[in-house]
Amino acid sequence: MRLVILDTQKSVGEWAAKYVMKRIKDFQPGPDKFFRLGLPTGKTPLEMYKNLIEYQRQGKVSFKYVKTFNMDEYVDLPRDHMQSYHNFMYQNFFQHIDIDPKNVHILDGNASDLNAECERFEAEIVKAGGIELFIGGIGADGHIAFNEPGSSLVSRTRVKTLAEETLRGNASSFFDNDMSKVPKRALTVGCGTILDANEVMILITGAQKSFALYKTIEEGINHMWTASCLQQHKNVLLICDDDATLELRVKTVKYFKGLMSVHSKLIDETD
Ligand code: GLP
């Protein structure tokens, strides 16, 4: 596991975007070799999307040969609803880049058979060759995608009922602080789906996520903090700001800050 600690939320977004750009370029995607990218919604990745849009505009990266797979989507929220993850992704990213919409994959939370939709999504990932880089965030209760506390750490894409904490978090960020407006169920990739990716990159910012980061990396693997499943993955990159490290041991922070010159090389060529 690599932990990159940066000063601010803004620098987390910049660093993450540079990393994604470098991974896509190094992969040298083409018509017979698509880069498969797993993507999150939420406030945390917004700065990364902004930077990626800018890099694409400057011609530094292209999404022409990229296939995307989003982590999750609400159930029963119309696709064109302001807060649907479809809408979020098009407004904040896809409509500003050169991706072909046919290469965008987002779960359909309005499908008549939700279980079949989840199976179809898993099959699409396999058909595409698996996910090369899965990007995610974490909830304050340590959830990853919508794998709420107590989720199986080998779970696959499925329907989940959302936890109180998630409803509260998403209400305050996106639904006028009104919990009754937040859909109670969602479709989400499972922990197992995420762990199958070749690489997982997680963005964590703000003091409100610091306890979750501590539980994710400094304690044992535990299904009540589902992001801790990442300890079992061979290639994980966590990018956080200083505030998110508030609950970590000083020793842990010192150790990873000491490795910063090594980690900086991960994005070197794009500077
Ligand atoms: C939701 C999403 C997660 C996301 C989390 C944190 O619950 N399903 O994928 O990581 O919110 O979102 P934010 O970045 O807004 O804090």
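None of the figures in this text is laboratory data; all of them are computed from the coordinates on show. Values in this document were obtained by computation on a predicted structure and should not be read as measured data. With ideal geometry, Cβ positions are generated from the backbone for all residues, glycine too; neighbour counts draw on all protein chains shown.
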When you look at residue 249, is it among the charged types (D, E, K, R) and in contact (Cβ under 8 Å) with a residue 40 or more places away in the chain, yes or no?
no
So which residues in the stretch 170-198 are within 10 Å of the ligand (Cβ to nearest atom), outside any helix (DSSP H, G or I) and small (Gly, Ala, Ser), if there are any at all?
186
Being farther than 30 Å from residue 24 by Cα and small (Gly, Ala, Ser) narrows it down to one of 186, 171, so name that one.
171
State the number of residues belonging to the stretch 105-147 that are out of contact with any Leu (no Cβ under 8 Å at 6 or more places or on another chain), among the aliphatic types (A, V, I, L, M) and within 16 Å of the ligand (Cβ to nearest atom).
3
Here is a list of conditions, (1) in a helix (DSSP H, G or I); (2) closer than 26 Å to residue 193 by Cβ; (3) within 16 Å of the ligand (Cβ to nearest atom), and residue 44 meets all of them except one; can you say which number that is?
(1)
Yes/no for residue 221 being surrounded by fewer than 21 Cβ atoms within 10 Å (Cβ to Cβ) and among the β-branched types (Val, Ile, Thr)
yes
Top-ranked residue of the stretch 231-271 - restricted to ones that are closer than 16 Å to residue 211 by Cα and of a type in the set (A, V, I, L, M, F, W, C), ranked as farthest from the chain's Cα centre (by Cα)
250
